[in-house]
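The values are calculated or read from the model by the stated rules, or taken from the named source; none is laboratory data. Predicted model, so just to flag it, every value in this text is computed and none were measured. Every residue, glycine as well, gets a Cβ built from its backbone with ideal geometry; the counts of neighbours run over all protein chains shown. Note: areas computed on protein heavy atoms with side chains; ligands, DNA, RNA excluded. Shrake-Rupley method; radii C 1.70, N 1.55, O 1.52, S 1.80 Å.
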Amino acid sequence: MNIKITFCLLLISNWAHSQFKVYSNEIVSVANDELFYVNEALLNEGTITLNSSRLLIGNDFNNSLGTLNSTTATIELVGGNNQNFTFGSNDVVKRLELNKSLNTASVLAGKLAITDVLKSTSGTLDAGEKVVLVSTNSKTAIVEPSSGGSIANIVVERFIPAKRAYRLLSSPVTTTT
């Protein structure tokens, strides 16, 4: 009887604290063009280097104390859980994709800069004005034609060269209506 109770308590304890943690001074590096899928809460206090790979996150993500090297990578939000994201102050990703089957992904703190593409297939993202489509003198991030999903509270930058002139700013869209 004691063995069953101990086992049940151990199982519940393990389930309640299930997370993938990168400790301080540790480095997780993902090879180019590889897929890194994390379905547990991901807590990064060290360094995650994604190279030109793809990170699929199916649960919470906290990078407030870590370093995320992902300037040429794709991050995809997946799964059916409600998710909370805390980014560092200068996290950068090439591509962000929203592909959740249910519920909402919410950005609580930090800043995620997208340099190339934002794509929404399904699900909901509340960016909390902490996700930015970056614009520079050489390139502006775009929202790729999307098949579904909902994205709210995103920041869109527009690079304007230092020249005194009248400019009409608008947000171009393509639609069937």
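Values computed for the structure shown
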| quantity | calculated |
| --- | --- |
| Members of segment 138-177 that are touching a Ser or Thr at 6+ places or on another chain (Cβ under 9 Å) and either outside any loop (DSSP other than H, G, I, E, B) or of a type in the set (D, E, K, R) (or both) | Lys139, Val143, Glu144, Ser150, Ile151, Ala152, Val156, Glu157, Arg158 |
| Those strands (runs of 3 or more DSSP E) lying entirely in segment 46-110 with at least 3 residues within 12 Å of the chain's Cα centre (by Cα) | 54-57, 67-79, 83-86, 91-109 |
| Options Val156, Val134: the member that is at pLDDT 95 or above and of a type outside the set (D, E, K, R) | Val134 |
| Pair list, Cβ under 6 Å, 6 or more apart: segment 102-121 residue of a type in the set (S, T, N, Q), other residue open to solvent by less than 30 Å² (accessible area, probe 1.4 Å) and part of a strand (DSSP E or B) | Ser120/Leu98 |
| Count of segment 100-121 residues which are out of contact with any strand residue (DSSP E or B) (no Cβ under 6 Å at 6 or more places or on another chain) and either open to solvent by less than 60 Å² (accessible area, probe 1.4 Å) or more than 21 Å from Ser64 (Cα to Cα) (or both) | 3 |
| Top-ranked residue of segment 39-63 - restricted to ones that are within 22 Å of Leu118 (Cβ to Cβ) and among the small types (Gly, Ala, Ser), ranked as most open to solvent (accessible area, probe 1.4 Å) | Ser52 |
| Residue within segment 72-93 that is modelled with pLDDT of 95 or more and open to solvent by 70 Å² or more (accessible area, probe 1.4 Å) present | yes |
